[in-house]
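Structure first, then comments.
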Amino acid sequence: MNKKIDILGSCVSRDPFAMFEHQYEINNYFARTNVISLASKPMKISIYKILLDSNFQKRSVYNDLNKQFFKYLEEVQSNVLIIDLLSERLRLMKRGETYFTLSDEFNKSNLMQELKGKAVVQKTDEMWEAAAKQLVAKLNESKYDQVIIHKAFWQERYIDANGDIQSFENIDEIHENNKNLDFMYKYLGENVSKASYLEITDEEIFADENHKWGLSPRHYETSYYEKFLSELKHLLA
């Protein structure tokens, strides 16, 4: 029987399953959210009040505002959870007692104008660790057989449209984000039971200007995703 997989993270963990043949069933994908938002109080917004053309984008905003991932953990229907933390780069907003993610999807929705009293807030290490502690507790109580921590980072260099290797200009931002990611991945890996790491380290990794989602330090060359599936197969054997 094929293993059912849930994903909490970004396209770096979802794309491989759309690019290559595999033996898994992707059950739920929780995207465009971050840890502080996950552990916050639900806002109770109806999905029908979110005006976006894409059902995926609409569902992502709905899940983030209503903290659906924590609700889902009470009745997990999959064998494996894959987590990456690339969405931790997204800014955080607060309205009342609720923190939520300022994603591109939320920004494009009608809610950006309709939700009054919201404000961008500065994330702190203390806020993140308090929320991560709640996430860890929920994961350890869940019925997942395995939790895979996908240690995906921002890349410093990319392959351009001509096949040449170039360097990103925002190198300080890349280093700062990777420093934070390293700490966060380590925290989850050390505290989540049944956790294991998936990290591609056998050779240099580059981003790709020809990536279908465009050039970004978080959009990798095709070979990365193939190696991801190979490593996953090993971990789930």
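Some notes on this structure:
- Search result, residues across segment 103-150 that are within 16 Å of ASP64 (Cα to Cα) and of a type in the set (D, E, K, R): ASP104, GLU105, LYS108, LYS118
- Residue count for segment 84-101, restricted to those that are of a type in the set (A, V, I, L, M, F, W, C), surrounded by 21 or more Cβ atoms within 10 Å (Cβ to Cβ) and more than 21 Å from ILE174 (Cβ to Cβ): 1
- Of the residues LYS151, LYS186, LYS143, the single one that is more than 21 Å from SER60 (Cα to Cα) and in contact with a helix residue (DSSP H, G or I) (Cβ under 6 Å, 6 or more places away or on another chain) is LYS151.
- Test for SER109: is it small (Gly, Ala, Ser), touching a residue at least 24 places away in the same chain (Cβ under 8 Å) and either over 21 Å from LYS212 (Cβ atoms) or surrounded by fewer than 21 Cβ atoms within 10 Å (Cβ to Cβ) (or both): yes
- Of the residues in segment 122-141, not one is surrounded by fewer than 20 Cβ atoms within 10 Å (Cβ to Cβ), farther than 24 Å from MET184 by Cα, in contact (Cβ under 8 Å) with a residue 24 or more places away in the chain and over 17 Å from the mean Cα position of the chain (by Cα).
- Of all residues in segment 97-120, those satisfying the criterion of being more than 23 Å from SER54 (Cβ to Cβ) and either touching a Pro at 6+ places or on another chain (Cβ under 9 Å) or part of a strand (DSSP E or B) (or both) are THR98, TYR99, ALA119, VAL120.
- Of all the numbered requirements in (1) polar (S, T, N, Q); (2) under 14 Å from the mean Cα position of the chain (by Cα); (3) farther than 30 Å from GLU126 by Cα, THR33 misses one, and that requirement is (3).
- Complete set of residues in segment 37-80 that are surrounded by fewer than 13 Cβ atoms within 10 Å (Cβ to Cβ) and among the polar types (S, T, N, Q): SER46, SER54, ASN55, GLN77
Coordinate-derived values only; no laboratory data. The shown structure was predicted, so the numbers you read here are calculated from the model rather than taken from an experiment. For neighbour counting, all protein chains shown are included, and Cβ atoms are generated from backbone atoms with ideal geometry for every residue, glycine included.
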